[in-house]
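Reviewing the structure listed below.
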Amino acid sequence: MRRPSRSLAQNLLVHHAHGPVTAYRIVKDVDLGHPDLLDSFRSNYELGAPPRGLEYESTLIHLGLSMYREVEMAIATALRWPRIGQYVAEVQLKPNNGFCYAATAQRGHLTVWGGHRSSWHVYAISCRLAMHYVLLSSTGNLIDSYDDESKARVALQRIVDGDPENAEDVALMSYGDDGMPVGNPVFAKIPASR
């Protein structure tokens, strides 16, 4: 079990939302009735997930939701860790609903607790984070580009199925809307002998 090295728990300062607080949450869907969006507003504890990172040091953090003060920070994090979610929702924490928050982890990051679900005011930011998927040759030449990861993976596999020698010469790369690579290159599996 990994434990963080710095001591956060003894320095955790929790604030009540006495006035409106705007925060941004990385979510898996933007449809307000979709189960993935609802699960995006459940803590790791509520979802039955084990603690991770600072949650080992503070159960209070494990019980809360990770949010950001600035939308740009939420987007950058979602691009770096797309498994968390590929959308960002604006959340208005209204006063007198029992909300509390604390600055945790890096600057601009919040952990948020409280409030009955009916008191959460969630405004979905309508656009999906822009991800671009490109097939590149080992020399760096663009073969093709896609907006849909599954279509890019199918095209990559089709190239290698047609000529297995291309398995190490063609890779799928993901890029965020800032033009920077996200994650590692993906290579196709060599087809089984026929």
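Here the condition is being over 22 Å from Gly115 (Cα atoms), among the small types (Gly, Ala, Ser) and not in a loop (DSSP other than H, G, I, E, B); of Ala102, Ala89, Ala76, Ala23, it holds for Ala76 alone.
Of everything in region 48-61 that is of a type in the set (Gly, Ala, Ser) and part of a loop (DSSP other than H, G, I, E, B), the residue that is surrounded by the fewest Cβ atoms within 10 Å (Cβ to Cβ) is Gly48.
Name every residue in region 17-37 that is surrounded by 13 or more Cβ atoms within 10 Å (Cβ to Cβ) and closer than 16 Å to Gln92 by Cα, in order of residue number. Reasoning before the result, please.
Keep residues of region 17-37 that are surrounded by 13 or more Cβ atoms within 10 Å (Cβ to Cβ), which gives 17, 21-30, 34, 36-37.
Selection gives Ala17, Val21, Thr22, Ala23, Tyr24, Arg25, Ile26, Val27, Val30, Leu37.
One line per residue, one yes/no per condition, for (1) in contact with a Leu (Cβ under 9 Å, 6 or more places away or on another chain); (2) at pLDDT 90 or above; (3) within 30 Å of Pro20 (Cβ to Cβ); (4) of a type in the set (S, T, N, Q):
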| residue | (1), (2), (3), (4) |
| --- | --- |
| Gln106 | no, no, yes, yes |
| Thr111 | yes, yes, yes, yes |
| Ser118 | no, no, yes, yes |
| Leu129 | yes, no, yes, no |
| Ser138 | no, no, no, yes |
| Ser145 | yes, no, no, yes |
| Ser150 | no, no, no, yes |
| Arg153 | yes, yes, no, no |
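Evaluated against (1) part of a strand (DSSP E or B); (2) modelled with pLDDT of 80 or more; (3) within 25 Å of Asp36 (Cβ to Cβ), Val182 falls short on exactly one condition, (2). Of everything listed in (1) of a type in the set (S, T, N, Q); (2) farther than 30 Å from Leu32 by Cβ; (3) modelled with pLDDT under 70, the single unmet condition for Gln157 is (3). Taking the criterion of being more than 23 Å from Pro181 (Cα to Cα), crowded, with 21+ Cβ neighbours inside 10 Å and either over 15 Å from the mean Cα position of the chain (by Cα) or charged (D, E, K, R) (or both), would at least one residue in region 80-89 satisfy it? No, there is no match, as no residue in region 80-89 is more than 23 Å from Pro181 (Cα to Cα), crowded, with 21+ Cβ neighbours inside 10 Å and either over 15 Å from the mean Cα position of the chain (by Cα) or charged (D, E, K, R) (or both). So, in region 133-177, how many residues would count as being surrounded by fewer than 12 Cβ atoms within 10 Å (Cβ to Cβ) and either touching a residue at least 60 places away in the same chain (Cβ under 8 Å) or in contact with a helix residue (DSSP H, G or I) (Cβ under 8 Å, 6 or more places away or on another chain) (or both)? Residues that pass the stated criteria total 1. Residue count for region 62-73 under the criterion of being assigned to a helix (DSSP H, G or I) and farther than 14 Å from Phe41 by Cα: the result is 3.
The values are calculated or read from the model by the stated rules, or taken from the named source; none is laboratory data. If you're wondering where the values come from, they're calculated on a predicted model, not measured in any experiment. Because the Cβ atoms are built from the backbone with ideal geometry, glycine has one as well, and the counts that use them run over all protein chains shown.
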